[in-house]
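The values are calculated or read from the model by the stated rules, or taken from the named source; none is laboratory data. Note that the structure is predicted; figures quoted are calculated from it, not measured. Neighbour counts are summed over all protein chains in view; Cβ atoms, including those assigned to glycine, are modelled from backbone coordinates with ideal geometry. Note: accessible area is taken over every heavy atom of the protein model, side chains too, but ligands, DNA and RNA are not part of it. Shrake-Rupley method; radii C 1.70, N 1.55, O 1.52, S 1.80 Å.
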Protein chains: 2
Amino acid sequence: MRPKYTTIKDIAKALDISVATVSRALRDTHDVSPETRDKVLAVAAALNYKPNFNATGLVHQSTHHLGVLIPTITNYYFSTVITGMQEVAHQHGFNLVLYLTNDSPEREQRIVQNLVRTSLDGLLACVSSRAAEYNHFQELLDESMPLVFFDRVPDDTIKTSKVVQDDYEGAFKAVEHLIQSGYTKIAHITGPKGLQLTENRAQGYLDALRKYNLPVRSDWLIYSGFSQQEGEMDAEKLLESRDRPDAVFAVNDRKAVGAILVLKRKGIRVGKEIGVMGFTNDPISEIVSPTLSTVAEPAYELGRASCQLLLNQLKKNTFVQEQVVLRSQLVARASTQRI
Amino acid sequence: MRPKYTTIKDIAKALDISVATVSRALRDTHDVSPETRDKVLAVAAALNYKPNFNATGLVHQSTHHLGVLIPTITNYYFSTVITGMQEVAHQHGFNLVLYLTNDSPEREQRIVQNLVRTSLDGLLACVSSRAAEYNHFQELLDESMPLVFFDRVPDDTIKTSKVVQDDYEGAFKAVEHLIQSGYTKIAHITGPKGLQLTENRAQGYLDALRKYNLPVRSDWLIYSGFSQQEGEMDAEKLLESRDRPDAVFAVNDRKAVGAILVLKRKGIRVGKEIGVMGFTNDPISEIVSPTLSTVAEPAYELGRASCQLLLNQLKKNTFVQEQVVLRSQLVARASTQRI
DNA sequence: AAAAGTTGCGAGAACGTTCTCGTACATGCT
DNA sequence: AGCATGTACGAGAACGTTCTCGCAACTTTT
């Protein structure tokens, strides 16, 4: 059986004063004399007093918990984002509560609908990749739950704040790098249709091709999922196409790694014959052979910014729709070297 | 401003009955007629009622939150463990609250000491690798906080439940595999001294060597950290030693990958000249070239088991010290092939 | 028909905290 | 001296639940 922890009442009893005074003293309000305040603090320390979050939460309609809704944490990008969030949350006395959707829209919906509103002050959310609709998030907003989306954000029907990286510019720079490295027949293997992130990167890809008057072929733009396995499948499909591309730009490093593995398996020299470019700058990009050129995403910073934005909204207590875009950076490695 | 959510009182008012009856109806207690219960449930659903965790927590001295204290989540093993925990917790209506120590003993200590006891029903903990003492955990136990350690567990001075993998057997099998693959001069690069996990694997390594009458050399057993970078440093040290080993068994895959990178950089053929063996079965072990032989850890299962153990303790409400050991499995790949 | 048991429900306290109001006393001003 | 103002504190309600009693209204037993 858990013992009772020391409460404000115990302190009051010990000093023979009222609980109200103790409460004031602990929160350092003006309406208390320095002497009593010091006495209270001394006794509180002696009795190892810790405030009861359930009680404070009850009266303030608030906990110190922020929810993080995310498809999975078993990859570099997402776990780094969370680490950034944790850093900011922790600094401000907030805790992070984890909700994993396993990238399943149904599970995401179930979790959001069953969210106990009163146990969360706000939510940081990254939608699942095959999301069809966002009503469950709209419900949350209708109940005035502070909500910030990050990375995979829903379309503009949901009026709320978002934090993303410059997916369009990142993709544009990536393709430009491929072009400047001498590749001319550039394919793009990406995630599911309908996701802003995917569409923005695809648009950057297309616009870069057009700027340099390079061929745009519909069978060189493949939508599927985000996994390494799907990267392998997409790469195989590209190799079968009649007009084989000489470079592949993948929506993320895992798909790029999948492509590299397929090329190596077929005896195609990565870089020399077919260039490969990723997106993320997962540590794996330095380990895979050849090392993978990629676009470094500011994962940690994105986590920090998302959390900071949410906390700001909580502070102000008024709803403002903000959008933060963080810059990515090109990292050239061996997989895009022709010689 | 957040609006007020529907409470039990609203339901009571709507049906003109007492809050006590509503409370009973919602929890399906015997002392309520089927008709009123159905009416209450109907109204509750209509008003989208969600219980207030702060209130229930206050009266029950419990939240539905479990803490997870862990050095970092940006690696395959830890993030998979958490995914397993999340699965079990979620099934039982519990939430996971994340605490990252960044593998810093000071930060770990600060977090544990400042843990608001009343906002957590129990704690799952993995100690930081350079931990010197465990008093802060003892304090937690003294206050009857249910506590389960996993993976990196403290020594036996702390009387509490633990969940680990069979580190000794796993290491023994790994070294046995190296020996059976034809390697005879086997080194071990491992984590910091004093950690049970490290010592158990080191002991498995030593016992395997002794069983097969192979040389045991003190400069072939290097203690350092768990990172890839430290793996590289350790490998370089081994290559400089007068009697160069012909195989390296690393305490985890990241260090093994570090070793492989060093060997490749020096033009040494991994497998043929020097065999490399890891521990974890990180997905990277299939991507690195050559692919890495390793010992597959039951990360997901370990997460599940730890959480289950903690929940069991909460249920019974009595303290029992249990220890769960999960089996690991050998995975042979290219990095231990001599031909 | 009276006694005993059962069933369904309500009143009110409790959990630990904050907040509003009230009050006793001291101090400042005319 | 008389009044306003300020200071330090206490009493008690409130937050949303659960839990312990108690009490009617039935039902069963004798």
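Structure notes:
- The residues on offer are A:ASP10, A:ASP31, A:ASP38, and the sole one that is near DNA strand D (Cβ under 9 Å from one of its atoms) and among the acidic types (Asp, Glu) is A:ASP31.
- Residues in region A:214-262 that are open to solvent by 60 Å² or more (accessible area, probe 1.4 Å) and in contact (Cβ under 8 Å) with a residue 60 or more places away in the chain: A:ARG254 alone.
- Single condition B:TYR5 does not satisfy, out of (1) open to solvent by 50 Å² or more (accessible area, probe 1.4 Å); (2) near DNA strand D (Cβ under 8 Å from one of its atoms); (3) part of a helix (DSSP H, G or I); (4) within 14 Å of another protein chain (Cβ to nearest Cβ): (3)
- Residue in region B:62-78 that is within 13 Å of DNA strand C (Cβ to nearest atom) and either touching a residue at least 12 places away in the same chain (Cβ under 8 Å) or under 30 Å from B:SER129 (Cα atoms) (or both) present: yes
- Criterion applied to B:LEU58, B:LEU98, B:LEU69 was being among the hydrophobic types (A, V, I, L, M, F, W, C) and surrounded by fewer than 21 Cβ atoms within 10 Å (Cβ to Cβ), and the one residue passing it is B:LEU58.
- A:ALA25 vs. criteria at pLDDT 90 or above and near DNA strand D (Cβ under 10 Å from one of its atoms): yes
- With respect to (1) surrounded by fewer than 19 Cβ atoms within 10 Å (Cβ to Cβ); (2) touching a residue at least 12 places away in the same chain (Cβ under 8 Å); (3) more than 10 Å from every other protein chain (Cβ to nearest Cβ); (4) within 13 Å of DNA strand C (Cβ to nearest atom), the lone exception for A:LYS13 is condition (2).
- Check on A:GLU286, closer than 22 Å to A:LEU96 by Cα, touching a helix residue (DSSP H, G or I) at 6+ places or on another chain (Cβ under 9 Å), among the acidic types (Asp, Glu) and not in a loop (DSSP other than H, G, I, E, B): no
- Taken over region B:312-339, the residue count meeting the criterion of being buried (at least 20 other Cβ atoms within 10 Å of the Cβ) and of a type in the set (A, V, I, L, M) is 0.
- Residues in region A:16-33 that are among the hydroxyl-bearing types (Ser, Thr, Tyr) and either near DNA strand C (Cβ under 7 Å from one of its atoms) or within 14 Å of chain B (Cβ to nearest Cβ) (or both): 1 in all.
- Of the criteria (1) open to solvent by less than 20 Å² (accessible area, probe 1.4 Å); (2) more than 8 Å from every other protein chain (Cβ to nearest Cβ), which one A:GLN86 fails: (2)
- Residue list for region A:72-83, filter: facing chain B (nearest Cβ under 9 Å) and open to solvent by 10 Å² or more (accessible area, probe 1.4 Å): A:THR72, A:THR74, A:ASN75, A:TYR76, A:THR80, A:THR83
- Check on B:ALA46, more than 13 Å from DNA strand C (Cβ to nearest atom) and either over 30 Å from A:SER144 (Cβ atoms) or away from chain A (no Cβ under 14 Å) (or both): yes
- Top-ranked residue of region A:111-140 - restricted to ones that are of a type in the set (D, E, K, R) and more than 10 Å from every other protein chain (Cβ to nearest Cβ), ranked as most open to solvent (accessible area, probe 1.4 Å): A:ARG130
- Screening B:ASN281 against (1) under 22 Å from the mean Cα position of the chain (by Cα); (2) surrounded by 16 or more Cβ atoms within 10 Å (Cβ to Cβ); (3) more than 14 Å from B:ASN252 (Cβ to Cβ) leaves a single unmet condition, (3).
- Among the residues making up region A:98-117, those that are assigned to a helix (DSSP H, G or I) and more than 19 Å from A:PHE319 (Cβ to Cβ) are A:PRO105, A:GLU106, A:ARG107, A:GLU108, A:GLN109, A:ARG110, A:ILE111, A:GLN113, A:ASN114.
- Taking strands (runs of 3 or more DSSP E) as the structural unit, those lying wholly within region A:153-233 and holding at least 2 residues that are in contact with a Gly (Cβ under 9 Å, 6 or more places away or on another chain) correspond to A:186-190.
- Condition met for A:ILE274 (on the phi < 0 side of the Ramachandran plot, over 28 Å from the mean Cα position of the chain (by Cα), assigned by TED's automatic domain parsing to the domain that holds A:GLY191 and buried (at least 24 other Cβ atoms within 10 Å of the Cβ)): yes
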